[in-house]
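S.K.: I have a structure here, written as structure tokens, and I will follow up with some questions on it.
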Amino acid sequence: MKWLSFGGPGGERPGVLLSENEVLDIAGQWPRWPRDWRHLLAAGIDAEIARLVSAGRYSARHVHAAPPLVLAPPIPNPSKVVALGRNYASHAAEQDRPAAQHPLLFAKAPSSLVGHEATVVVVPQETRPDYEAEMALVIGRTARDVAQDDALSHVAGVSAFNDVSGRDAQFKDRLWFRGKSYDTFGPVGPWVVSLDEIGDPDDLELKMIVNGEVRQKARTSEMVAGAAMIVAYVSRHMTLLPGDLIATGTPGGVGVFRDPPIFLQDGDRMEVHLEGVGILANPVRRPKEEGG
Ligand code: MG
């Protein structure tokens, strides 16, 4: 199943992608159920929705044409967004650092999240905005100190993620929270593909394409810590709740470590391509540089 949220901020509704062009409005179809994916997952209703949808047990009245819908982050309001640093050897090598010996965790503010085709807006004080293509894991069941063997049973599915990063703030602070948490610096989507449909999350092709140029290209099999190890590790340090996101790290090819560095410019179009999920596209809006 591919599931998503649609509608503007504050008005998001949960949906299921029935085909390339059709979205089923869950809140319209089943009005007694929770009205967002975080609480649908917490109530364990996602399996029931998958069963009813595959059996065709819904009304055409609640099916909308997909393209005009505004897509929100699939989980608009997670309790947290956990992200990993240096989880690909190629990204560690481009900064002359070793890959992380154990998963290196940092936080992104949930308020940074935006959906597919939302504009990433760079504030004037941040002059080195950069992209990072990643796979996101979406937690489906509460995970607290889970074993690696059991870890993926706590994952609802995967989505594409762009860990947009303000390198000025990131390097100046030597802490990553501010530079990773600007509003709109967390594009995710367009939808979540359930684990039963995606297959092995540790073997998907991942690319970042900016204005048609491939800037990053890797497979998730190159991750130092794979999906199950990541979930088990994080769950030993903090409880993962339904709807929480884990951004699993980015491969080599980010802008800041290129020679010469390339930063995001006004009018750029970023696309994260994740095999089995599709394309998460976001335009960039950036004020002109001072005096320019
Ligand atoms: Mg990252």
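S.K.: Between Asp96 and Asp168, how high is the FRET efficiency from 1/(1 + (r/R0)^6) when r is the Cβ-Cβ distance and R₀ = 30 Å? Nearest 0.05.
M.R.: Efficiency computed from Cβ-Cβ geometry: 0.90.
S.K.: Within 10 Å of each residue's Cβ, count the other Cβ atoms and sort Lys172, Lys80, Lys108, Lys288 from fewest upward.
M.R.: Least to most surrounded, the residues fall as Lys288, Lys172, Lys80, Lys108.
S.K.: Taking 0.36 nm per residue of separation and subtracting the Cα-Cα distance, what length does fully extending Ala107 through Asn77 add?
M.R.: 9.3 nm
S.K.: Provide Rg and Dmax in Å for the chain, with only Cα atoms included in the calculation.
M.R.: Here Rg and the maximum Cα pair distance are 18.4, 61 Å.
S.K.: Is the shape of the stretch 118-173 rounded, prolate or oblate, going by the alpha carbon gyration tensor and its root eigenvalues a ≥ b ≥ c, with a/c under 1.5 for rounded and a/b larger than b/c for prolate?
M.R.: Judged from the Cα gyration tensor, the stretch 118-173 comes out prolate (a/c at least 1.5, a/b above b/c).
S.K.: Mind giving me the nanometre distance, one decimal, between the label points for His62 and Asp259, set 7 Å out from Cα along Cα→Cβ?
M.R.: 5.8
S.K.: From the gyration tensor of the Cα coordinates in the stretch 15-78, what semi-axes in whole Å does the equivalent ellipsoid have, largest first, with each one equal to sqrt(5λ)?
M.R.: Equivalent ellipsoid of the stretch 15-78: 18, 16, 10 Å, largest first.
S.K.: Here's a follow-up. Under a point spin-label approximation (7 Å from Cα along Cα-to-Cβ), what is the Val121-Ser221 distance to one decimal in nm?
M.R.: Once both label points are built, they end up 4.3 nm from each other.
S.K.: Output the relative contact order of the stretch 157-292, whole-number percent, from Cα pairs under 8 angstrom with separation of 6+ residues.
M.R.: So the answer I get is 27 percent.
S.K.: Which FRET efficiency value, to the nearest 0.05, is calculated for Ala55 and Glu213 with the Förster distance at 45 angstrom and r the Cβ-Cβ distance?
M.R.: Between Ala55 and Glu213 the formula returns 0.55.
S.K.: Next up: Would you mind checking Lys2/Lys288; Lys180/Lys288; Lys207/Lys288 for any pair whose Cα atoms are more than 30 angstrom apart?
M.R.: Too far apart for the 30 Å limit: Lys2/Lys288.
S.K.: Place the peptides 245-254, 123-132 in order of packing, highest mean first, counting for every residue the other Cβ atoms within 10 Å and averaging per peptide.
M.R.: My ranking of the peptides, most packed first, is 245-254, 123-132.
S.K.: Then there's this: I need the peptides 59-65, 204-210, 17-23 ranked by packing, meaning the mean over residues of other C-beta atoms within 10 angstrom, with the highest value on top.
M.R.: Ranking the peptides 59-65, 204-210, 17-23 by packing returns 204-210, 17-23, 59-65.
S.K.: Related question: With label points built 7 Å along Cα→Cβ from the Cα atoms of Asp183 and His39, find their separation and express it in nm.
M.R.: 2.5
S.K.: Which residues in the stretch 41-82 place their backbone N less than 20 Å from a point set 7 Å from the Cα of Glu22 along the Cα-to-Cβ direction?
M.R.: 48-71
S.K.: A follow-up question, please. Could you list Ser159, Ser194 in order of exposure, starting from the residue whose Cβ has the fewest other Cβ atoms within 10 Å?
M.R.: Going from least to most buried by this count: Ser194, Ser159.
S.K.: Per residue and in cubic angstrom, what volume does the convex hull of the Cα atoms of the stretch 1-134 have?
M.R.: Residue-normalised Cα hull volume stands at 159 Å³.
S.K.: Using the C-alpha atoms of the stretch 138-225, what convex hull volume per residue, in cubic angstrom, is computed?
M.R.: 155
All of the numbers you see were taken from the coordinates with simple rules; none came from a lab. Just so you know, these numbers come straight off a predicted model, no measurement behind them. Neighbour counts run over all protein chains shown; Cβ positions are idealised from the backbone, glycine included.
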